[in-house]
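Engineer: Below is the structure I would like to discuss, written out as structure tokens.
The values are calculated or read from the model by the stated rules, or taken from the named source; none is laboratory data. Treat the numbers as computed from the prediction; the structure is a model and nothing was measured. For neighbour counting, all protein chains shown are included, and Cβ atoms are generated from backbone atoms with ideal geometry for every residue, glycine included.
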Amino acid sequence: MLINLLLLVLGFVLLVRGADVFVDGAVAIARRWHIPEIIIGLTIVAMGTSAPESAVSIASAFRGANGVAIGNVFGSNIANIFLILGVSAAISPLLVGKNTVRYEIPFVGFITLLLMWFGWQYGVISHGAAVVLCGLFVLFLAYLYRISNGANVEDMPNAKYMSGWKIILFVVGGIAALVIGSNLTVTSAVAIARALNVSDRIIGLTIIAIGTSLPELVTCVIAALKGQSDIAIGNIVGSNIFNILFVLGIAGLIHAIPFDAAFIADGAIAMLAVILLFAATARSGKLNHAWGIAFIAIYIAYIAYTVM
């Protein structure tokens, strides 16, 4: 028990320090190469913090046991909006850019509905559906390239100037610390829960579900505290897009993914999260404290209902 408690503390330290370094490295990229922070959040930060989900889903596809991939993606996307953006906004209001409200958030809703339609219509994410998902991911990257070229990047006087090698060290080292920290935290938390006779089902619905989202959670909170709203919002929106289009797209290319009818309910909750995020930000252009607290309450209710 004592060893697991020490590993839990070490995991959290790695998460916090890794997120801090990772955000600094991401902001340095934006400053050095004049790339808008939202683009960095939607790409490097989103893909880096989604590493645990990607590893689990794609590795299970190679083993032919990827039925859990869809549940993993829906669960992660729900936690990303309700839990992670909720906690981040409760700490500090998050400004949301016009492009994100007009295009990127609705795009998350579109691909969520598309995934649900594939599952409802065919009962499986086939190779053909996976090709469509991968194709949409390529189009999304093309969209990011286009808006990054036409963007007017503001100076970031508070951002640290770093050499190219230092940026690579911060980004790669930060991602490594996030992945190792999340693994240590989840593994030790599961061991402690089992020692306290907590059932595997409850562990899976709580510790594992939240644990795989720890990199996004800590990165968003650190970004919010540093005043980097675009990094925080881009991280979550980009992670949700990456989870559906890339993770499920690649997993589906490796092996067709069975879509259980029960996933429709999870997809509906994921869609509700997107709708509420759009409603919260469409008029004001920011996610404020009140919405953050509401999102947290909804997530707690969702977890309680799922467990019960």
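Engineer: Could you list all residues from region 1-29 that are closer than 23 Å to S163 by Cβ, crowded, with 24+ Cβ neighbours inside 10 Å and not β-branched (V, I, T)?
Structural biologist: Correct list: G18, A19, F22, G25, A26.
Here is a yes/no grid of residues against (1) crowded, with 19+ Cβ neighbours inside 10 Å; (2) at pLDDT below 85; (3) out of contact with any helix residue (DSSP H, G or I) (no Cβ under 8 Å at 6 or more places or on another chain):
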residue: G164; (1), (2), (3): no, yes, no
residue: A177; (1), (2), (3): yes, no, no
residue: S188; (1), (2), (3): yes, yes, no
residue: A191; (1), (2), (3): no, yes, no
residue: V198; (1), (2), (3): no, yes, yes
residue: L205; (1), (2), (3): no, yes, no
residue: A209; (1), (2), (3): yes, yes, no
residue: C220; (1), (2), (3): yes, no, no
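Engineer: Hand me the list of helices (runs of 4 or more DSSP H) wholly inside region 218-308 holding 1 or more residues that are closer than 24 Å to V21 by Cβ and in contact (Cβ under 8 Å) with a residue 24 or more places away in the chain.
Structural biologist: 229-241
Engineer: Restricting the first residue to region 135-147 and requiring it to be over 16 Å from M47 (Cβ atoms), which pairs with a second residue that is of a type in the set (A, V, I, L, M) and modelled with pLDDT under 90 meet a Cβ separation below 9 Å and a spacing of at least six or different chains?
Structural biologist: That search, which allows pairs on different chains as well, returns I147/I38; I147/I39.
Engineer: Could you please tell me which pairs satisfy a Cβ distance under 9 Å, a separation of 6+ or placement on different chains, a first residue in region 107-118 that is under 16 Å from I257 (Cα atoms) and in contact (Cβ under 8 Å) with a residue 40 or more places away in the chain, and a second residue that is outside any helix (DSSP H, G or I) and not aliphatic (A, V, I, L, M)?
Structural biologist: Partner pairs satisfying both residue conditions: L115/F259; M116/F259; F118/S126; F118/F259.
Engineer: Suppose we keep only residues that are among the charged types (D, E, K, R) and at pLDDT 90 or above within region 265-308. Which one would you say is farthest from I210 (Cα to Cα)?
Structural biologist: That would be R283.
Engineer: Which of the helices (runs of 4 or more DSSP H) contained wholly in region 82-153 include at least 1 residues that are in contact with a strand residue (DSSP E or B) (Cβ under 7 Å, 6 or more places away or on another chain)?
Structural biologist: 86-91, 105-122
Engineer: Scanning for something closer than 26 Å to V218 by Cα and not hydrophobic (A, V, I, L, M, F, W, C), does region 250-260 turn up at least one residue?
Structural biologist: The answer is no; no qualifying residue exists.
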